[in-house]
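The values are calculated or read from the model by the stated rules, or taken from the named source; none is laboratory data. Note that this is a predicted model, so its numbers are computed, not measured. Cβ placement follows ideal geometry from the backbone for every residue including glycine, while neighbour counts extend to all protein chains displayed. SASA here: full protein model, heavy atoms, side chains in, ligands and nucleic acids out. Shrake-Rupley method; radii C 1.70, N 1.55, O 1.52, S 1.80 Å.
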Amino acid sequence: MLTFTIRRLLMAIPTLLFISLIIFLILDLAPSDPTANLPLTIPPDVRADIRASLGLDEPIHIRFALWLQQFFVNEPLNLFEHWTGWNFGGEDRTRVISWQTRSPVVDIIAQRMPQTLWVVGTAYIVGILIALPIGIYSAYRQYSIFDQAGTFITMVGFSIPPFFSGVLVIVIFAVQLQWFPSVYDTTHVVIGWDSFVIQIKQMILPVMVLALQITSQISRFMRASMLDNLTQDYVRTARAKGLKESTVVLVHVLRNSMIPVITVIALGVPQVFGGAIITEQVFKVNGLGHLLIGAIQSGDLPTVQTLTFIFAVLIVLFNLIADVLYGILDPRIRYD
Amino acid sequence: MLDGATPSVLDVKDLTTTFKTRVGAVHAVNNVSFNLKAGELLGVVGESGSGKSVTMMSLIGLVPSPPARVTGGPVMFEGQDLLTASNEQLRKVRGARIGFVFQDPMTSLNPVFSVGFQVMEPLRKHMGMNKTRARARARELLDLVGIPDAARRLDDFPHQFSGGMRQRVMIAIALACDPKVLIADEPTTALDVTIQAQIIELMKDLRDKLGMAVIWITHDLGVIAGIADRVLVMYGGQIVEHAPVRDLFANPRHPYTRALLLTVPNVRGERAQRLRVIEGQPPILRAAPTACPFRDRCEHAFDRCSRENPARRLVGPVHDVACFWDPETGASSDV
């Protein structure tokens, strides 16, 4: 398993380099110009100087190499210095700068990340915690009232897009009932119990909308996987041993059923970091999805490029984690 | 050998199992009665769908209910009626007093747990053993069923065992708590012929060593001839003939049994002869039987067979048959 993991990690390096090249080349096709939103009175030669100062007059391979250096060497060193307080004399290291805000992209991402993780991450965990019992019980009592109701609700959750369900819960809970705020206040700081309650309250609506989607997906997976296993011969063997029904279902069947579900859950984690673009828009959560959309709209290529690449890294990483989990859970899978 | 004085360990009366399905009821088992004597090996033969497995699963509550409904009885085992017993009481019988070996050893073991864990499970559950003792006992059991290097193999997973070895593991699990009765549901069907012979030898050995009674479900008459003491022949969810194994092969009474015996290839017979088949399909048991289930495929059928379901009648000391036709005289007890 260890050899497998190391081999996969090494293989991830060329994969990610290739992905970064593709992202770079595609974004290079975009007609975005960092000086486009500067005042029109700036003469063309000054604009050319500005572009040159950003390195944009270099040939494409030089620019790609410089980006690689900034992203893989300069930014990690910066982070390292920031965390440890040491100094490697990095004052003149160039950083990936956002064209829109003129500040380093990584710093912006570091600011936005907590919002996304709080809202989307909580929704993911809540969604999974609700989905697993529903899936297990629906499968165990297939075609019961509970199962039928569960199927109906998950189908609804599947098919209603968040721009509808988001607005719907705002109308119901924020406008009519006035229980929760409709806008997520990013500047809110938790300092005590009261502010914590406010934080929870403002999280409830976006979390509800996202958790509905996540629950729908995962519970369907869980149910299907349980159904696959409940009819297996080994379940009859477990019953023939005189084991309790709860042991049969929650030990013998569940352990087998979790194998595909765990991988689906692991593969979904990058999406958590990616943010829920639409839901973040609806509730004005100032997270990564929000950042990405804003960057795309204003042609802020460095931000788009960095975010896209970070998502790519997460996807590759969690694919690997899913594979490793698969190997741990299923003794029939041995990678070595 | 066994005689009438040997006490019964399992006494089944009028067991009936019905499955409710979307297209109507299926009467899978109809009024099945039999008994099992201590230490004997009772063979149950019949083609697929004849109700052999469902009968045995029903009496210990292993058929899913719903859709199944098990009625009739009593099914007496160790002074207890299994049909009226609670789930909790049944669980104490299953795996402890009655062990099971199933057909397909490839799928009957849980793929994600080690073999040791699966053998230890009934020991810890029914015998209250702690981990260390259960492990020691599991090692003994694997030794007993002839798995080499048992101590090391406890930590292996089912996929690391061959089919024959997995079936030995299943037998070890079934025998773990020293059961009074072992129900083997086609334990050799999914195995190669050479492995079949090994497993049959092993079961005979174990029966002699441990003295439990065995119910051996199969559709292979050759296997039955080699190991059984008594045989039940099932057809259409009923017992159509019951006899000691010698009587059954020497003097089969039911047309179905006779036909079944003709389908067995004989190495000493004429080579040119084609193997006989029983024409037609087994019945679909939509309603409770009111006629002989075999009548459509029977070459001796007459009017009465479609009016009335023949009851089992004695034709020898321990030989009974559910048929109106008498093979000796060729006469039909037509009324």
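Which of the residues belonging to the stretch B:97-110 are under 19 Å from the mean Cα position of the chain (by Cα), open to solvent by 10 Å² or more (accessible area, probe 1.4 Å) and of a type in the set (A, V, I, L, M)? Scanning the stretch B:97-110 gives no hits.
Taking the conditions (1) free of Cβ contacts under 8 Å to residues at least 24 places away in the same chain; (2) more than 7 Å from every other protein chain (Cβ to nearest Cβ); (3) more than 13 Å from A:TYR137 (Cα to Cα) in turn, A:HIS252 satisfies each one other than (2). In the set (1) at negative phi; (2) within 10 Å of chain B (Cβ to nearest Cβ), the condition left unmet by A:GLY242 is number (1). Among the residues of the stretch B:124-162, those identified as more than 10 Å from chain A (Cβ to nearest Cβ) and open to solvent by less than 20 Å² (accessible area, probe 1.4 Å) are B:ALA134, B:ALA138, B:LEU141, B:LEU142, B:VAL145, B:ILE147, B:ALA150, B:LEU154, B:PHE161. Listed by first and then second residue, the pairs with beta-carbon distance under 8 Å, at least 6 apart or on different chains, first residue in the stretch B:163-180 and away from every other protein chain (no Cβ under 13 Å) and closer than 15 Å to B:MET212 by Cα, second in a helix (DSSP H, G or I) and open to solvent by 10 Å² or more (accessible area, probe 1.4 Å), are B:ASP178/B:LEU210. Considering only the stretch A:195-213, I want to know if a residue exists there that is at the interface with another protein chain (Cβ under 10 Å from one of its Cβ atoms) and either open to solvent by 10 Å² or more (accessible area, probe 1.4 Å) or at pLDDT below 90 (or both). Taking every residue of the stretch A:195-213 in turn, none turns out to be at the interface with another protein chain (Cβ under 10 Å from one of its Cβ atoms) and either open to solvent by 10 Å² or more (accessible area, probe 1.4 Å) or at pLDDT below 90 (or both). Taken over the stretch A:90-121, the residue count meeting the criterion of being open to solvent by less than 40 Å² (accessible area, probe 1.4 Å) and touching a residue at least 60 places away in the same chain (Cβ under 8 Å) is 12. Looking across the stretch A:5-38, the residues that are among the hydrophobic types (A, V, I, L, M, F, W, C), at pLDDT 85 or above and open to solvent by less than 90 Å² (accessible area, probe 1.4 Å) come down to A:ILE6, A:LEU9, A:ALA12, A:LEU16, A:LEU17, A:ILE19, A:LEU21, A:ILE22, A:ILE23, A:PHE24, A:LEU25, A:LEU27. Do we find that A:ARG334 is under 30 Å from B:ASP185 (Cβ atoms) and basic (Lys, Arg) in this structure? For A:ARG334, the condition - under 30 Å from B:ASP185 (Cβ atoms) and basic (Lys, Arg) - is not met.
Across the stretch B:94-120, the qualifying residues are those that are facing chain A (nearest Cβ under 8 Å) and without any contact (Cβ under 8 Å) to a residue 40 or more places away in the chain, and the one among them that is farthest from B:MET56 (Cα to Cα) is B:THR107. Those helices (runs of 4 or more DSSP H) of the stretch A:39-84 in which at least 1 residues are surrounded by 11 or more Cβ atoms within 10 Å (Cβ to Cβ) and among the small types (Gly, Ala, Ser), considering only elements entirely within it, cover A:44-53, A:60-69. Regarding B:VAL75, is this residue more than 14 Å from chain A (Cβ to nearest Cβ), in contact with a strand residue (DSSP E or B) (Cβ under 6 Å, 6 or more places away or on another chain) and of a type in the set (A, V, I, L, M)? Yes. Considering the stretch B:303-316, the residues that are out of contact with any helix residue (DSSP H, G or I) (no Cβ under 9 Å at 6 or more places or on another chain) and assigned to a loop (DSSP other than H, G, I, E, B) include one that is least open to solvent (accessible area, probe 1.4 Å), namely B:ASN309. Restricting attention to the stretch B:113-140, the residues being aromatic (Phe, Trp, Tyr) and assigned to a helix (DSSP H, G or I) number 1.
Scan the stretch A:245-259 and tell me whether some residue there is under 17 Å from the mean Cα position of the chain (by Cα) and open to solvent by less than 20 Å² (accessible area, probe 1.4 Å). Checked the stretch A:245-259: no residue is under 17 Å from the mean Cα position of the chain (by Cα) and open to solvent by less than 20 Å² (accessible area, probe 1.4 Å).
Per this entry, A:LEU2 is not counted among residues that are touching a strand residue (DSSP E or B) at 6+ places or on another chain (Cβ under 9 Å), open to solvent by 70 Å² or more (accessible area, probe 1.4 Å) and of a type in the set (A, V, I, L, M). Can you find a residue that is surrounded by 17 or more Cβ atoms within 10 Å (Cβ to Cβ), more than 26 Å from A:ILE19 (Cβ to Cβ), without any contact (Cβ under 8 Å) to a residue 40 or more places away in the chain and within 14 Å of another protein chain (Cβ to nearest Cβ) anywhere in the stretch A:222-230? Checked the stretch A:222-230: at least one residue is surrounded by 17 or more Cβ atoms within 10 Å (Cβ to Cβ), more than 26 Å from A:ILE19 (Cβ to Cβ), without any contact (Cβ under 8 Å) to a residue 40 or more places away in the chain and within 14 Å of another protein chain (Cβ to nearest Cβ).
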